[in-house]
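Rule-based calculations on the coordinates, nothing more; no lab input. Treat the numbers as computed from the prediction; the structure is a model and nothing was measured. Cβ atoms come from the backbone with ideal geometry, glycine included; neighbour counts cover every protein chain shown.
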Amino acid sequence: MVEQELNRTKTRILQWTFPEVEIVNTIKARMLNRKASSAKSKSEEIIKAFSLKIGQHIADVGSGGGYFSFLFARDVGREGKVYAIDTKKELLDFIRSNSDKNGFHNIIPVLAEDNRFPLMSKKLDLVFLRNVYHHLPNREVYFSDLVKSLSTGAKIAIIDYDGRGKWSFHRLFCHYVPKATIVNEMTGAGYHLVEDHAFLPEQSFLIFSVSKNENNQNQEEALL
């Protein structure tokens, strides 16, 4: 039943259109969603890895056409919230239109700057980045600041190309980050690795949690 519902949701997302914006933006958003839904992307396994609960708050950083945002929104229910974060307004407009049209009232599109997390006053249970980490400058600073936006026990999930394949497109154009680099940078930002999934053919899939000393510091600051 769960798998059938997931397949129905995937099909609906891929069929959505947004006639109010330029056709090129609609095509781009749908292309991103089609790629995210491909068998190679293994979206079903990714979603299952989080064991999402009703009422959770999630940030989808670099949400693109919103494919994962809508899957998250379905699983956290009406009581939950999904912040679809992107630097491109036209993609957020696509998400906003299809959210309203298809009854996903728990998705909140958020326009972001390149190197500043926009939800500093929120308390999030999951921050999700898929093929975004390699685009971020000053990553340790970005994630050090992001700690303030996390609830107790929150997780940071990072999926990115890791440079597999000597002549791959991602390697040739430097659209990748070695797994060891991600772990080192996230450790420097105050996190520790809690899960390392190996089922993606071209990407690493790492889940981090805030290190104990960072959690303690956040709790102390909340009491001041």
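What to note about this one:
- Exceedance of the 32 Å cut-off in Cα-Cα distance is limited, within the set Lys28/Lys155; Lys40/Lys89; Lys35/Lys212; Lys40/Lys148; Lys89/Lys212; Lys89/Lys122, to Lys35/Lys212; Lys40/Lys148; Lys89/Lys212.
- The label point for Lys53 and the one for Asn102, both projected 7 Å from the Cα toward the Cβ, are 2.7 nm apart.
- Protection-proxy order for peptides 99-108, 202-211, each taking the mean of Cβ atoms within 10 Å per residue, highest first: 202-211, 99-108
- Cα-projected label distance for Glu90 with His192, points at 7 Å along beta-carbon direction, nm: 4.6 nm
- The listed peptides 87-97, 41-51, ordered by packing as a protection proxy, come out as 87-97, 41-51 (highest mean of other Cβ atoms within 10 Å first).
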